[in-house]
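K.L.:
Please find one structure pasted underneath; my questions will follow.
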């Protein structure tokens, strides 16, 4: 996955349908909060104003944004998705026409900025995996793979929660079944739900993939060296005068 230097680079590399969405979110954020600064965190665009404010990202079929302190915000338009108590809520769009009115988005952006200006984020409550409500669909899927179950058990609260939210967000049964299958495959590879966006985990998996190729390459080199040595030591028969 490429590393993006700034918002311009990220938006230019985003799917064509997502570029106008991200561009509009960016413009409205600067209009709502003129003092906002831009940064790249977790390899996606972020806006900061006295701390983290809002992040946005592009995916295969939608673009989304979310507020760092969404759990403390009012949601009069019912835009937030996901578990308000579990993670940063997200708002998803597949096209510009799906986006709320500019005044609505600006009001949310201003609310987020005021929150950072007037208070500090509450100290995070320490959560344990025992607090998670794991859906029966995940529990049953894990029974079919000891390797996936071992990875799941070793994961921290946050990584397990990411998978739970992803599975619970599936609207249709076939979507849920497809995601469960993908989840098992990723767990068997030791991957978290959002491993592509974690530089350290991304680098770790790339290193493992590279290391796995080394023995095969070494074996081929050894075989080629042996064949070359054999050719060089084989005496050619003298030609008859």
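Coordinate-derived values only; no laboratory data. Here the structure is a predicted model, which means the values were calculated and not measured. Note: ideal-geometry Cβ built from the backbone for every residue, glycine included; neighbour counts use all protein chains shown.
K.L.:
Evaluate E = 1/(1 + (r/R0)^6) for residue 197 and residue 77, where r is the Cβ-Cβ distance and R0 equals 25 Å; express this FRET efficiency to the nearest 0.05. Could you put the intermediate results ahead of the total?
P.N.:
Numbers: r = 27 Å, r/R0 = 1.09.
Using R0 = 25 Å, I get an efficiency of 0.35.
K.L.:
Extending each Cα 7 Å along its Cβ direction at residue 40 and residue 181, get the distance between those two points in nm, one decimal.
P.N.:
Label-label distance for residue 40 and residue 181, simple model: 3.5 nm.
K.L.:
Starting from the Cα-Cα distance between residue 211 and residue 132, subtract it from 0.36 nm times their residue separation and give me the gain in nm to one decimal. Could you put the intermediate results ahead of the total?
P.N.:
Numbers: separation 79, 0.36 × 79 = 28.44 nm, distance 3.54 nm.
Contour length minus the Cα-Cα distance gives 24.9 nm.
K.L.:
Using the alpha-carbon centroid of each, what span in Å lies between the range 141-189 and the range 190-209?
P.N.:
Value for the Cα centre distance between the two parts: 16 Å.
K.L.:
I've got another one for you. As a footprinting exposure proxy, order 195, 68 by other Cβ within 10 Å, with the fewest listed first.
P.N.:
Placing the least packed residue first, the sequence is 195, 68.
K.L.:
What do you get for Rg/Rh of the range 129-195 when both radii come from the Cα atoms and Rh is the Kirkwood radius?
P.N.:
Details: Rg = 10.8 Å, Rh = 11.8 Å.
The Rg/Rh ratio comes out at 0.92.
K.L.:
Another question, if that's okay. Nearest 5 is fine: what % of DSSP beta bridges in the range 1-130 come out antiparallel, could you say? Walk me through the intermediate numbers first.
P.N.:
Numbers: 17 of 17 bridges.
If we restrict to bridges inside the range 1-130, about 100 percent are antiparallel.
K.L.:
Kirkwood hydrodynamic radius for the range 7-118: how many Å is it when counted over pairs of different Cα atoms? Before the final figure, lay out the partial values.
P.N.:
Details: mean 1/r = 0.0713 Å⁻¹.
When all Cα pairs of the range 7-118 are included, the Kirkwood radius is 14.0 Å.
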